[in-house]
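Trainee: Input: one structure, supplied below.
The values are calculated or read from the model by the stated rules, or taken from the named source; none is laboratory data. None of these values were measured; they are calculated from a predicted model. Note that each Cβ is placed from the backbone with ideal geometry, even for glycine, and that neighbours are counted across all protein chains shown.
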Amino acid sequence: MLKKRKIEIIKITLVALTIIGFVIIHFILPRIIVQKRNTIKISSTESYLKYDSIINDSSQFKREKLSFKSFDGLNLSALLTRATIDSIKGTLILVPNSSSNKYTLLDFSEFLAKRGYNSVAVDLRGYGESEGKFCTYGVKEKKDIQSLIDRLHQYENIEPIGIWGNSLGAAVAIQAMGIEKRIKFGIVESTFTDYKTSMDTYFTRLTKVKLKPLTNYIVDRSGSIGDFDVDDASPIKYAENVTQPIIIAHGEKDKVFEVKYGKENFDKIKSINKKFIVIDSAPHTYLWEVGGEEYFEKVMLFLDMQEIQ
């Protein structure tokens, strides 16, 4: 009788674990990796008020918050910082990584302003002050960049337009360059080759077990939840259409997206003016800190060469 009872308990436990596992795999994990904003919770703008005061009080830098519509009707936000010299060299669209927004790039925009470049730091959909609920890893964001360029063309002295992205922002940048030739040059830092591969790498590193069929299922579910084609979230696919001058930069010690992914993207790019930079000892998203002035001077030399062509 006791043995039978134990068997029943084991069966019930297995059923419960199976149900819990299904709920986690089918509902929770896919939503975690694409949902960036809880629409039930009313978003507060109080945390951004201090940045507005910085923008308004700055006498050295001329800044303007931009609002623009995405291709599918979302209200998106960006911040234009004007160059501080009369001879403007161009405008760089700055696309932050997944842990940042336009305000985290204030110092960087000031650096670019002093070097003669306007910059437009953008909040991707679902981030910062932009509307949206889901991140689509470049599928919809690349079209949002096109909408931003349409908006920028209402301003004077913005040409040529380039793009500079980091991690997720870099994935958006390279995809945008593949479809939008109004982007004349780009800097792509520390990104992945395609969404499915990046998620497979992430879960393998997390669990120490390679479960590609399972991760593919989770990724496909995330696409259903976020309403996008996961196979189109592919920088390496769009790299084949990139003919503009471009720098691909990657950290040698990047464990999130290994340096080999940067090289694979680089090899697919059709541009005759392309450069691959590896920063020794740099982990993911730490190119600026580790590469320092030497890295920035290489990039600025590249940018200045585009301006005079």
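Here's the yes/no breakdown for (1) in contact with an Asp or Glu (Cβ under 7 Å, 6 or more places away or on another chain); (2) not polar (S, T, N, Q):
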| position | (1), (2) |
| --- | --- |
| Leu94 | no, yes |
| Ser100 | no, no |
| Tyr103 | no, yes |
| Asp107 | no, yes |
| Lys114 | no, yes |
| Asn118 | no, no |
| Ala121 | no, yes |
| Arg125 | yes, yes |
| Gly132 | no, yes |
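Trainee: Same structure again: For segment 126-177, which positions are within 26 Å of Asp220 (Cα to Cα) and of a type in the set (Lys, Arg)?
Mentor: Within segment 126-177, Lys133, Lys140, Lys142, Lys143 qualify.
Trainee: Here's something else I'd like to know. Taking only segment 114-124 into account, find how many residues are surrounded by fewer than 24 Cβ atoms within 10 Å (Cβ to Cβ) and under 20 Å from Asn75 (Cβ atoms).
Mentor: Qualifying residue count for the region: 1.
Trainee: Can you go through Glu258, Glu307, Glu293, Glu264 and tell me which one is at pLDDT 95 or above and of a type in the set (Asp, Glu)? Please lay out each step first, then the result.
Mentor: Working: Glu258 fails: at pLDDT 95 or above; Glu307 fails: at pLDDT 95 or above; Glu293 fails: at pLDDT 95 or above.
So the residue among Glu258, Glu307, Glu293, Glu264 that is at pLDDT 95 or above and of a type in the set (Asp, Glu) is Glu264.
Trainee: Scanning segment 1-53 for residues that are polar (S, T, N, Q) and modelled with pLDDT of 85 or more, which turns out farthest from the chain's Cα centre (by Cα)? Show your work before the answer.
Mentor: Taking segment 1-53 and keeping what is polar (S, T, N, Q), we get 13, 18, 35, 38-39, 43-45, 47, 53.
From the residues that got through so far, the ones that are modelled with pLDDT of 85 or more too are 13, 35.
Values: Thr13: 42, Gln35: 15 Å.
Filtering first and then ranking leaves Thr13.
Trainee: Tell me, which residue of segment 258-275 that is out of contact with any helix residue (DSSP H, G or I) (no Cβ under 7 Å at 6 or more places or on another chain) and assigned to a loop (DSSP other than H, G, I, E, B) is surrounded by the most Cβ atoms within 10 Å (Cβ to Cβ)?
Mentor: We begin by selecting, within segment 258-275, every residue out of contact with any helix residue (DSSP H, G or I) (no Cβ under 7 Å at 6 or more places or on another chain); these are 258-263, 266-267, 270-273.
Still in the list and also assigned to a loop (DSSP other than H, G, I, E, B): 258, 270-273.
Numbers: Glu258: 19, Lys270: 12, Ser271: 16, Ile272: 7, Asn273: 15.
Among those that are out of contact with any helix residue (DSSP H, G or I) (no Cβ under 7 Å at 6 or more places or on another chain) and assigned to a loop (DSSP other than H, G, I, E, B), it is Glu258.
Trainee: Now for a different question. Out of curiosity, is Ala171 within 24 Å of Asp267 (Cα to Cα), small (Gly, Ala, Ser) and outside the structural domain of Ile25 (by TED's automatic domain parsing)? Quick ask: steps written out before the conclusion?
Mentor: On the way: within 24 Å of Asp267 (Cα to Cα): yes; small (Gly, Ala, Ser): yes; outside the structural domain of Ile25 (by TED's automatic domain parsing): yes.
Against the criterion (within 24 Å of Asp267 (Cα to Cα), small (Gly, Ala, Ser) and outside the structural domain of Ile25 (by TED's automatic domain parsing)), Ala171 qualifies.
Trainee: Another one. Would you tally the residues in segment 276-287 being buried (at least 17 other Cβ atoms within 10 Å of the Cβ) and outside any strand (DSSP E or B)? Quick ask: steps written out before the conclusion?
Mentor: Step one: of segment 276-287, the residues buried (at least 17 other Cβ atoms within 10 Å of the Cβ) are 277, 279, 282, 284-285, 287.
Checking the rest, the ones that are also outside any strand (DSSP E or B) come to 282, 284-285, 287.
Residues flagged as buried (at least 17 other Cβ atoms within 10 Å of the Cβ) and outside any strand (DSSP E or B) within segment 276-287 amount to 4.
Trainee: Tell me which residues, restricted to segment 173-228, are within 19 Å of the chain's Cα centre (by Cα) and among the aromatic types (Phe, Trp, Tyr).
Mentor: Hits for segment 173-228 are Phe185, Phe192, Tyr195, Tyr202, Phe228.
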